[in-house]
Ligand SMILES: [Zn+2]
């Protein structure tokens with residue numbers, strides 16, 4: 001998934017409360033799942049649950065979707081593994097209305113819902129007995145449930161029917177299902193979902209690809225997953241197969257376009273399998289959601305959720321699909337145990353994505369991606385430094401007491417990738433690939449934390465070789481700030497050509513005389529980023545005339561272009577930017593525009609006007625961030 005950030009501190013009172021709640025359970029053991037040996041889960045400061053005492057092994061959902069009331073209602077059955085004869089099951093619950101809880105012996109259970117804590121919700125403490133094998137919780141979600149976005153027909157691409165999608169990462173699963181909402185807890189699940197007969201319901205599980213006619217859908221996820229991978233979407237969607245075990249769901253008027261854009265999906269799967277072993281989840285589909293989806297993509301198992309902003313018409317933004325697919329190994333198979341270990345999900349995934357893209361599109365393409373990644377990473381480090389958040393440039397994070405969603409930046413992604421590149425360079429690609437393949441195989445369906453990864457790296461790859469430690473310096477990467485001296489410098493001949501054109505343009509050559517033939521999205525992004533702070537309004541107008549940036553159909557290019565327009569108050573582009581901000585809800589594109597707009601009085605007034613019109617189409621994740629920017633100091 002893709003995060004962008006600002007931090008939200010919560011009270012030290014809360015921190016103490018959560019720490020106390022979990023510390024007592026720290027030393028006990030739990031069975032991860034049937035296939036794994038015993039592991040003790042690390043203390044997860046972002047969950048009230050007590051999985052080391054009693055863990056959820058399987059979940060069965062029975063839910064009805066009500067678009068009128070914007071609720072899901074029904075029940076969840078939780079099957080338990082009670083390791084310590086515990087008499088209380090702690091679950092995470094937020095914004096939920098609990099009707100009653102029934103034990104497997106038919107008796108109604110007593111339970112206590114603690115005070116609501118900002119971001120974290122409530123500790124739902126259910127009294128059970130050592131003999132309790134399962135409980136049924138009858139509940140409904142609130143229309144404000146942060147994981148769920150309910151769209152009116154006019155907010156979809158096809159425009160005829162309402163639409164619903166969920167986003168559970170990081171700790172939003174608890175806003176639609178009472179559960180042990182900690183990434184270290186893995187369980188299987190099944191579900192029955194009832195909706196309008198003209199719509200199809202899909203989950204991150206085995207499902208059909210056509211409408212059933214009666215609106216009732218059954219799902220089964222046989223492999224254990226973490227709660228943040230629970231996902232549901234309901235809408236007017238159609239399916240097109242793209243190969244042996246993959247396909248795409250999209251709204252009817254988008255289906256052919258999406259299928260064309262994702263034509264390389266099967267070869268991505270084949271390349272990934274050739275690198276790091278068999279795909280463990282059977283089918284791999286992508287569902288293209290309406291534009292309000294707040295992220296680029298979300299790696300829900302078997303069914304990636306994706307933003308339509310990657311449908312550029314030239315397949316130039318499909319690295320995102322390689323990224324979400326790679327999560328089928330890094331993240332979904334071997335999972336960060338807490339959000340402090342997030343780099344184990346994302347750093348590995350960016351590295352893996354890069355390898356898939358290199359295989360399919362060649363080395364020059366991969367080099368451009370990597371060099372652009374380094375540019376973004378350096379900016380992030382600079383910003384965090386300036387804001388006094390240097391500790392957040394470590395790979396291993398301390399997010400305790402903070403909303404993990406706001407605390408995660410692209411450090412996990414890009415610094416993580418460059419760390420793994422450094423290891424690859426030191427040991428050689430062949431050895432590193434063998435190591436990664438073994439890592440994914442041996443740790444499949446298990447949580448992984450930073451300490452255990454370090455031990456695994458030592459045992460299986462570095463083996464006490466002091467020359468290797470010196471060439472890599474793993475501790476500096478994981479527990480140190482910024483970029484260690486061992487960090488490689490990405491090179492790209494293609495982008496060097498762009499640098500030449502940047503030099504020509506800034507020294508007086510007009511835009512129409514620049515040599516831009518054959519440039520792809522990556523060239524253009526590098527061009528626009530390289531010009532930051534170096535052009536005047538007349539040059540912006542010159543570029544716009546030559547390259548038509550204001551009317552580009554490519555959202556990545558638009559986002560970088562608009563940043564120039566804001567900096568120089570180039571008003572010709574504002575109607576187009578208004579359209580962009582009111583149709584796209586992807587946070588990665590919103591933050592870099594709202595932030596500079598909010599820096600001036602006029603800009604802020606304009607941004608607020610746009611935001612008020614745009615917000616019905618934004619997901620809560622994006623709304624929280626943008627309101628923090630526009631209204632924080634008021
Ligand atoms: Zn990701």
Inter-part gap, Cα centre of the range 336-389 to Cα centre of the range 105-159, in whole angstrom, is 35
Among 190-198, 364-372, 452-460, what's the highest-first ranking by average C-beta atoms within 10 angstrom per residue?
364-372, 190-198, 452-460
Inter-part distance where the range 488-528 and the range 230-264 are each reduced to a Cα centre, Å
35
Angle check, please: helix 416-427 long axis (alpha carbons) against the longest principal axis of the chain (alpha carbons), in degrees 0 to 90, nearest 10.
80
Over the range 474-549, what is the relative contact order in percent, taking alpha-carbon pairs closer than 8 angstrom and at least six residues apart?
30
Between residue 471 and residue 430, what is the FRET efficiency for a Förster distance of 22 Å, r being their Cβ-Cβ separation, to the nearest 0.05?
0.85
Angle between the Cα long axis of helix 587-597 and the longest principal axis of the chain, 0 to 90 degrees, nearest 10?
60
For residue 454 and residue 479, compute 0.36 nm times the residue count separating them, minus their Cα-Cα distance, and round to one decimal in nm.
7.8 nm
Against the longest alpha carbon principal axis of the chain, how many degrees, from 0 to 90 and to the nearest 10, is the axis of helix 555-567 turned?
60
Using only alpha carbon pairs under 8 Å that are at least six residues apart, calculate the relative contact order of the range 122-197 and give it in whole percent.
23
What does the highest-first list of 108-117, 440-449, 89-98, 61-70 look like by mean Cβ count within 10 Å?
89-98, 440-449, 61-70, 108-117
For the chain the mean separation of alpha carbon contacts under 8 Å (6+ apart) over residue count, i.e. relative contact order in percent, is 12
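Applying a 10 Å radius around every beta-carbon, put 168-178, 378-388, 315-325 in order of their mean neighbour count, most first.
Result, highest mean first: 168-178, 315-325, 378-388.
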Once you put a point 7 Å from the Cα of residue 253 and another 7 Å from the Cα of residue 222, both along the Cβ direction, what distance in nm separates them?
4.0
Between the alpha-carbon centers of the range 542-581 and the range 605-628, tell me the distance in whole angstrom.
19
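A short reminder: the numbers here are calculations on the coordinates, not readings from a lab. All of these numbers come straight from a predicted model, not from anything done at the bench. So basically every Cβ, Gly included, is an ideal-geometry build from the backbone, and we count neighbours across all protein chains shown.
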